[in-house]
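Chemist: Mind looking over this structure? Questions follow.
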Amino acid sequence: MSMEAIGIIEKAEAESRAQKAAAEQRAKELTAQAEKDGQALLTQTRAQAAEERKRLLQTAEERAQTRCETLRADAAKQREALAREAQEHMSAAVARIVGKVVKQ
């Protein structure tokens, strides 16, 4: 083999090693960027999930408050109705008790 051919082969091998090193470096850079992008997306997703959780909790608390107010209003109406009914029967009950006591 001539010296010129050996020089061409050595040059080609050196270029090949340089291209391989550049490709490996690019692969490392792409991997690092993908990891960085993945971490950023994870952070963003966690923040969005936290905001959604807050929103859902607020909605649930508002609905619970509304339901509680409705139940209190219903209980107050029932209490008033029972009090009126008891008052209506009070005179008859007192008369009946007095009548039984007087008979004895």
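The values are calculated or read from the model by the stated rules, or taken from the named source; none is laboratory data. Keep in mind that what you see is a predicted model, and the values were worked out from it rather than measured. For neighbour counting, all protein chains shown are included, and Cβ atoms are generated from backbone atoms with ideal geometry for every residue, glycine included. For the accessible areas, the whole protein counts, side chains as well, though only heavy atoms, and no ligand, DNA or RNA atoms are used. Shrake-Rupley method; radii C 1.70, N 1.55, O 1.52, S 1.80 Å.
Chemist: Give the span of the range 5-53's Cα atoms along each principal axis, as three whole-Å numbers ordered largest to smallest.
Modeler: Extents along the principal axes, in whole Å: 70, 7, 5.
Chemist: So, one more: For T31 and R46 in the same chain, what is the full-extension length gain: residue separation times 0.36 nm, less their Cα-Cα distance, in nm?
Modeler: Net length gain for the segment: 3.2 nm.
Chemist: How big is D for the range 39-85, in µm² s⁻¹ as a whole number, if Stokes-Einstein is applied with the Kirkwood radius of its Cα pairs at 25 °C and 0.890 mPa s?
Modeler: D = 182 µm²/s.
Chemist: When the accessible area of the chain is computed with all protein chains present and a 1.4 Å probe, what percentage of it is carbon and sulfur?
Modeler: 58 percent
Chemist: Moving on to the next point. Hey, rough spin-label estimate for L71 and E13, points 7 angstrom out along Cα→Cβ, what's it come to in nanometres?
Modeler: 8.5 nm
Chemist: Let me ask something else. Show me the three semi-axes of the equivalent ellipsoid for the chain, from the C-alpha gyration tensor (sqrt of 5 times each eigenvalue), largest first, rounded to whole Å.
Modeler: Rounded to whole Å, the semi-axes are 97, 11, 6.
Chemist: To continue, here is another question. So which lysines can K11 reach, going by Cα to Cα under 17 Å and dropping same-chain residues fewer than 8 places off?
Modeler: K20
Chemist: Once phi is turned into ³J(HN,Hα) by the Karplus curve 6.51 cos²θ - 1.76 cosθ + 1.60 with θ = phi - 60°, what whole-Hz value does each residue of the range 30-45 show in order, with x for glycine and proline?
Modeler: Coupling constants for the range 30-45: 5, 5, 4, 5, 5, 5, 4, 4, x, 5, 5, 5, 4, 4, 5, 5 Hz.
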